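Structure first, then comments.
The values are calculated or read from the model by the stated rules, or taken from the named source; none is laboratory data. This one's a predicted model, so the numbers in the text were calculated from it and none came from an experiment. So basically every Cβ, Gly included, is an ideal-geometry build from the backbone, and we count neighbours across all protein chains shown.
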Amino acid sequence: MNCLLISASALRRAMTNSALQPEHTSLAVVRAAAVLCTNCELAQLGRTQVVFGSGRSDADVLIIGEGPGAQEDAAGEPFVGRSGQLLTRLLEGAGMSRNDVYIANVVKCRPPNNRDPRPHEIAACSPWLDRQLQIVNPKLIVTLGNFATRSMLGTKLGITKIRGVEFGFHRAGVVATLVPTLHPAAVLRNGHRAFEQSQGDFELVSRRMQELHT
């Protein structure tokens, strides 16, 4: 009996190519391929696992952060540490919950020592984020902090200058309104005023979400 042997790398390529095709509309299919990703060196630099994303697959609101930290890398879910607890609080303070949104990151693997992702790492990970955008097809996008905001808008402006401003967004065939806000970690460092600013931004997003359904 003849046996067909397929190398692990060939299997990864086949799964990736299949998952990135437009006809696949399931986040589960894309996640299954993404967890095998070795497209950049972050796969070999100590990641525990790929942190793909979590939440409602047809959410009106997509929240995008920079990348997983140590606790997210261990848990396999985005925003599970103190920053994640604050994100939950901010959502609930604006009348939303984590069950109402989808949460993802610009890169899916933890950079060593929590350094900023490098341009080639962002480029290697961008097809996964593009498929998340296409499948969720959000009407509103919230970027958390400088890095995610600059990556998604292609701007050099700092987050304090543009937080709470509504921007038109068009990528991967998705048209949405993007609202930058402070990263929860920055809110934790900077205290009450930063919290009030971020809470106001999430309240703006909540109002816009409600307007979609009226």
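Some notes on this structure:
- Applying a threshold of 7 Å to beta carbon distances and a minimum spacing of six or more residues, or different chains, the list of pairs starting in the range 104-123 at a residue that is without any contact (Cβ under 8 Å) to a residue 40 or more places away in the chain and ending at one that is in a helix (DSSP H, G or I) and small (Gly, Ala, Ser) reads ILE122/SER151.
- Enumeration of residues in the range 90-109 that are out of contact with any Ser or Thr (no Cβ under 6 Å at 6 or more places or on another chain) and assigned to a strand (DSSP E or B): VAL101, TYR102, ALA104, ASN105
- For LEU188, the conditions (1) within 19 Å of GLN85 (Cβ to Cβ); (2) touching an Asp or Glu at 6+ places or on another chain (Cβ under 8 Å) all hold with the exception of (2).
- Condition broken by ASN105, with the remaining ones in (1) touching a strand residue (DSSP E or B) at 6+ places or on another chain (Cβ under 7 Å); (2) of a type outside the set (Phe, Trp, Tyr); (3) surrounded by fewer than 17 Cβ atoms within 10 Å (Cβ to Cβ) satisfied: (3)
- Strands (runs of 3 or more DSSP E) contained in the range 117-214 and holding at least 1 residues among the small types (Gly, Ala, Ser) and at pLDDT 95 or above: 167-171, 174-181
- Summed over the range 36-72, residues that are buried (at least 18 other Cβ atoms within 10 Å of the Cβ) and acidic (Asp, Glu) total 3.
- Filter result (under 18 Å from LEU62 (Cα atoms), out of contact with any Pro (no Cβ under 7 Å at 6 or more places or on another chain) and small (Gly, Ala, Ser)) within the range 155-177: GLY164, GLY168, ALA172, GLY173
- Restricting attention to the range 167-194, the residues that are more than 22 Å from ARG131 (Cβ to Cβ) and in contact (Cβ under 8 Å) with a residue 40 or more places away in the chain add up to 6.
- Residue within the range 2-23 that is at pLDDT below 95 and touching a Gly at 6+ places or on another chain (Cβ under 8 Å) present: no
- Top-ranked residue in the range 160-186 [being among the β-branched types (Val, Ile, Thr) and out of contact with any Phe, Trp or Tyr (no Cβ under 9 Å at 6 or more places or on another chain); ranked as nearest to ASN114 (Cα to Cα)]: THR160
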